[in-house]
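Here's the structure we're looking at; comments come further down.
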Amino acid sequence: MDKLYKNLFSIISLLIHVLPSKQSLKLLNFIIDKNNDVVLKNLKTKPTKILLLLPKCLQYFNCDKNIIDSIDNCQQCGRCKIKDVLQIGKKYNLILKVATGGQLAKMYVEQVSPDLVIAVACKPELVLGIKNVKNYKVVAIPNIIVDKPCINTDVEIKEIERFLNIVANK
């Protein structure tokens, strides 16, 4: 079943590029929701090593702090959600990484080798990322495009905590 799902996932993710945008968005939502359902259903034990992987675009665009080297460089001014993410990281003992794109995100996943990845990104990047690290369990949380893609995006902190509470009860 797992192999069949992954093969279907690969095929469906290719369709995103040829469908009109409205159908493509529906397909992205379907893939993300189905992936999360499958990952959570197949999670038999509570993961001890959880990587929360974040996109750089969550950081306030004009901020001069380099949170890619270390998210702890955030000054927690409150202009973006990084401050809230740091609090969640401490509360749930998470490994926090910020990536500028898919290749860096993949590198972080391979370096950390977590039991579970909770990834925040735009929908197309999430689907591509899930496919690129197919040997890892990835829960995907779409970020919120506030004004323009890749600039000052947002995330529902409650959604991250919702998934963390689900896996905490495994």
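Table: residues versus (1) under 27 Å from residue 41 (Cα atoms); (2) over 13 Å from the mean Cα position of the chain (by Cα); (3) part of a helix (DSSP H, G or I); (4) at pLDDT below 95.
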residue: 86; (1), (2), (3), (4): no, yes, yes, no
residue: 91; (1), (2), (3), (4): yes, yes, yes, no
residue: 96; (1), (2), (3), (4): yes, no, no, no
residue: 118; (1), (2), (3), (4): yes, no, no, no
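Where residues in segment 102-123 are open to solvent by 30 Å² or more (accessible area, probe 1.4 Å) and not polar (S, T, N, Q), which of them is nearest to residue 144 (Cα to Cα)?
Per the criteria, the residue is 122.
List the number of the failed condition for residue 130; all other conditions in (1) outside any helix (DSSP H, G or I); (2) touching a strand residue (DSSP E or B) at 6+ places or on another chain (Cβ under 9 Å); (3) under 29 Å from residue 23 (Cα atoms) hold.
Against the list (1) outside any helix (DSSP H, G or I); (2) touching a strand residue (DSSP E or B) at 6+ places or on another chain (Cβ under 9 Å); (3) under 29 Å from residue 23 (Cα atoms), residue 130 comes up short only on (1).
Out of segment 1-56, which residues are β-branched (Val, Ile, Thr), under 24 Å from residue 104 (Cα atoms) and modelled with pLDDT of 75 or more?
31, 32, 39, 48, 50
So for segment 75-88 (the condition being farther than 22 Å from residue 156 by Cβ and surrounded by fewer than 20 Cβ atoms within 10 Å (Cβ to Cβ)), does at least one residue qualify?
Checking segment 75-88: at least one residue is farther than 22 Å from residue 156 by Cβ and surrounded by fewer than 20 Cβ atoms within 10 Å (Cβ to Cβ).
Collect the residues in segment 58-74 that are assigned to a loop (DSSP other than H, G, I, E, B), out of contact with any Leu (no Cβ under 9 Å at 6 or more places or on another chain) and surrounded by 14 or more Cβ atoms within 10 Å (Cβ to Cβ), keeping them in residue-number order.
Matches in segment 58-74: 59, 60, 61, 63, 65.
Scan segment 19-39 for residues that are loosely packed, with under 12 Cβ neighbours inside 10 Å and either in contact with a strand residue (DSSP E or B) (Cβ under 6 Å, 6 or more places away or on another chain) or small (Gly, Ala, Ser) (or both) and jot them down.
Once the filter is applied, which keeps residues that are loosely packed, with under 12 Cβ neighbours inside 10 Å and either in contact with a strand residue (DSSP E or B) (Cβ under 6 Å, 6 or more places away or on another chain) or small (Gly, Ala, Ser) (or both), segment 19-39 yields only 21.
Could you run through segment 127-164 and say how many residues are under 12 Å from the mean Cα position of the chain (by Cα), at pLDDT 95 or above and buried (at least 18 other Cβ atoms within 10 Å of the Cβ)?
Number satisfying all stated conditions: 10.
Taking the condition closer than 25 Å to residue 170 by Cα and touching a strand residue (DSSP E or B) at 6+ places or on another chain (Cβ under 8 Å), does residue 146 pass?
no
The values are calculated or read from the model by the stated rules, or taken from the named source; none is laboratory data. None of these values were measured; they are calculated from a predicted model. Every residue, glycine as well, gets a Cβ built from its backbone with ideal geometry; the counts of neighbours run over all protein chains shown. Please note that ligands, DNA and RNA were not included when accessible areas were found on the heavy atoms of the full protein model with its side chains. Shrake-Rupley method; radii C 1.70, N 1.55, O 1.52, S 1.80 Å.
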